[in-house]
Amino acid sequence: MTYEQAMTAIKNGTTVKRHSWTNKVVKLVTRENGTNYIGTTEQRTINAPYLFSQEDMFADDWET
């Protein structure tokens, strides 16, 4: 899927990743105060904000 489709999927609560990523996924994370951010989880243990690179934005290998 494209970057735009991946962003829509994230906003709808679906976890996505690039095809070449092995241990990292991107998802919508809700903080304790109720605010949301797009974050990454590596090996299902670390939640951190994710900044999309230009390569990510032009990629069409996003998958759920």
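Read-outs throughout are calculated quantities, based only on the coordinates presented, and are distinct from any laboratory measurement. Model, not experiment: these values are computed from the prediction. So basically every Cβ, Gly included, is an ideal-geometry build from the backbone, and we count neighbours across all protein chains shown.
Annotations for the structure displayed:
- In percent, rounded to a whole number, the relative contact order of the chain is 38, using alpha-carbon pairs under 8 Å and six or more apart.
- Calculated from backbone phi, Karplus (6.51, -1.76, 1.60) coupling profile of region 19-29 in Hz, x at Gly/Pro: 4, 7, 6, 9, 10, 10, 10, 10, 8, 7, 10
- Helix-derived mean residue ellipticity, 222 nm - over the chain, DSSP H n ≥ 4, -39500 (n - 2.57), to 500: -5500 deg cm²/dmol
- Going through [x] 30, 24, 14; [y] 49, 18, 17; [z] 34, 23, 19, the figure that equals Cα extents along the principal axes in Å as computed for the structure here is [z].
- Applying 1/(1 + (r/R0)^6) with r as the Cβ-Cβ distance of THR35 and THR15 and R0 = 25 angstrom yields a FRET efficiency of 0.85.
- Counting Lys and Arg as +1 and Asp and Glu as -1 over every other residue whose Cβ lies under 12 Å from the Cβ of MET57, the net charge comes to -3.
- The loop-placed trypsin sites (Lys or Arg not before Pro) in the chain, going by DSSP, that have at most 12 neighbouring Cβ atoms within 10 Å of their Cβ come out as ARG31, ARG44.
- Spatially proximal aspartates and glutamates relative to LYS17 (Cα-Cα < 16 Å; intrachain offsets below 8 disregarded): GLU4, GLU42, GLU55, ASP56, ASP60, ASP61, GLU63
- Remark: region 30-35, residue by residue, has Karplus-estimated 3J(HN,Hα) of 9, 6, 4, 7, x, 7 Hz, where x stands for each Gly or Pro and the curve is 6.51 cos²θ - 1.76 cosθ + 1.60 at θ = phi - 60°.
- Of the GluC sites (Glu not before Pro) found in the chain, those that fall in a DSSP loop while having at most 11 other beta-carbon atoms within 10 Å are GLU32.
- Each Lys and Arg Cβ is given +1 and each Asp and Glu Cβ -1; about its Cα centre, the chain then shows a dipole of about 280 debye.
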